[in-house]
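Note sheet for the following structure.
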Amino acid sequence: MSDLQGQRPIAKADQGSRVKAINCTRQTELGNNIEVADHGPTRAKGLLGRKQLNPGGGMWIVPCESVHTFFMQFAIDLVYLDRQNRIKKVRHAVPPWRVSACLSAHSVIELPAGTILKTKSEKGDAVEFVTADL
């Protein structure tokens, strides 16, 4: 991808890091400030306690095949990925007090509601993660 030149693709992010998620199929950016939740405490807390997700923000939970929105204060979009970072399933504007799963997923990206529609992301699309420019 020409617009990713100079950016380092990552297979697995460093603990506590932030990444940019690019939908390579659609040439759109899912988020540019996505937290990586790949260890116990961060994965367990997720987005709980937050009042919103800022545009460009999100959380990539690795590994993960299901999420809940119990006790959350806002709706989120969900993008489930397989081990090759291909989209397996999308869920639009999941409100608080819901459960969502994709048993064939390896990870999930939680994004501000409306991101999936804005980026036209759908099942089968390829997603790439690069280090975030902070």
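The values are calculated or read from the model by the stated rules, or taken from the named source; none is laboratory data. Model, not experiment: these values are computed from the prediction. Note that we place each Cβ from the backbone using ideal geometry, even for glycine, and neighbour counts take in every protein chain shown.
A few notes on this one:
- Selection of the range 35-54 for residues being touching a strand residue (DSSP E or B) at 6+ places or on another chain (Cβ under 8 Å) and aliphatic (A, V, I, L, M) yields Val36, Ala37, Leu47, Leu53.
- Pick from the range 100-134, criterion closer than 17 Å to Val62 by Cα and of a type in the set (D, E, K, R), ranking: surrounded by the most Cβ atoms within 10 Å (Cβ to Cβ): Glu110
- Candidates in the range 1-44 are the residues that are at pLDDT 95 or above and part of a loop (DSSP other than H, G, I, E, B); of these, the one that is surrounded by the fewest Cβ atoms within 10 Å (Cβ to Cβ) is Gln27.
- Residue pairs meeting the criteria (Cβ under 7 Å; at least 6 apart or on separate chains; first touching a residue at least 24 places away in the same chain (Cβ under 8 Å) and closer than 18 Å to Ile22 by Cβ, in the range 93-121; second hydroxyl-bearing (Ser, Thr, Tyr) and assigned to a strand (DSSP E or B)): Val108/Tyr80; Thr119/Thr28; Lys120/Thr28
- Candidates Asp82, Asp77: the one that is charged (D, E, K, R), farther than 16 Å from Gly124 by Cβ and without any contact (Cβ under 8 Å) to a residue 60 or more places away in the chain is Asp77.
- Verdict on Phe71 being over 12 Å from the mean Cα position of the chain (by Cα) and either crowded, with 20+ Cβ neighbours inside 10 Å or among the aromatic types (Phe, Trp, Tyr) (or both): yes
- Test: residue in the range 78-89 that is over 22 Å from Arg18 (Cα atoms) and either touching a strand residue (DSSP E or B) at 6+ places or on another chain (Cβ under 8 Å) or surrounded by 14 or more Cβ atoms within 10 Å (Cβ to Cβ) (or both): yes
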